[in-house]
1. If you take the residues of the stretch 55-92 that are over 18 Å from the mean Cα position of the chain (by Cα) and in a loop (DSSP other than H, G, I, E, B), which of them is modelled with the lowest pLDDT?
2. Take the residues in the stretch 36-54 that are outside any strand (DSSP E or B) and in contact with a helix residue (DSSP H, G or I) (Cβ under 8 Å, 6 or more places away or on another chain), then tell me which one is nearest to residue 73 (Cα to Cα).
3. Limited to the stretch 2-35, what total is found for residues that are over 15 Å from residue 45 (Cβ atoms), assigned to a loop (DSSP other than H, G, I, E, B) and at pLDDT below 90?
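The values are calculated or read from the model by the stated rules, or taken from the named source; none is laboratory data. Remember, predicted model here, so these are calculated numbers, not experimental data. We place every Cβ from the backbone using ideal geometry, glycine too, and count neighbours over all the protein chains shown.
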């Protein structure tokens with residue numbers, strides 16, 4: 001997903017609207033792991049976010065080879081990285 005906002009402008013707008021925190025989705029790119037998507041969001045937000053923020057990873061790639069078990073096995077590492085939830089689409 002491409003946004004017109006980065007973490008600076010998005011959290012600035014949220015703060016002006018009265019929000020004190022935001023949670024951003026992190027969708028897996030093809031071949032990416034859940035943890036790598038969280039790490040990418042942390043890099044994007046570091047030093048730019050003006051309010052509290054979090055990441056809600058989305059399982060969109062079922063592992064590097066299409067293996068859902070690999071993505072599920074990553075969930076403890078996702079929680080350890082600070083994201084205690086994941087989004088899973090049940091319709092695909």
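1. That would be 92.
2. Filtering first and then ranking leaves 38.
3. 8
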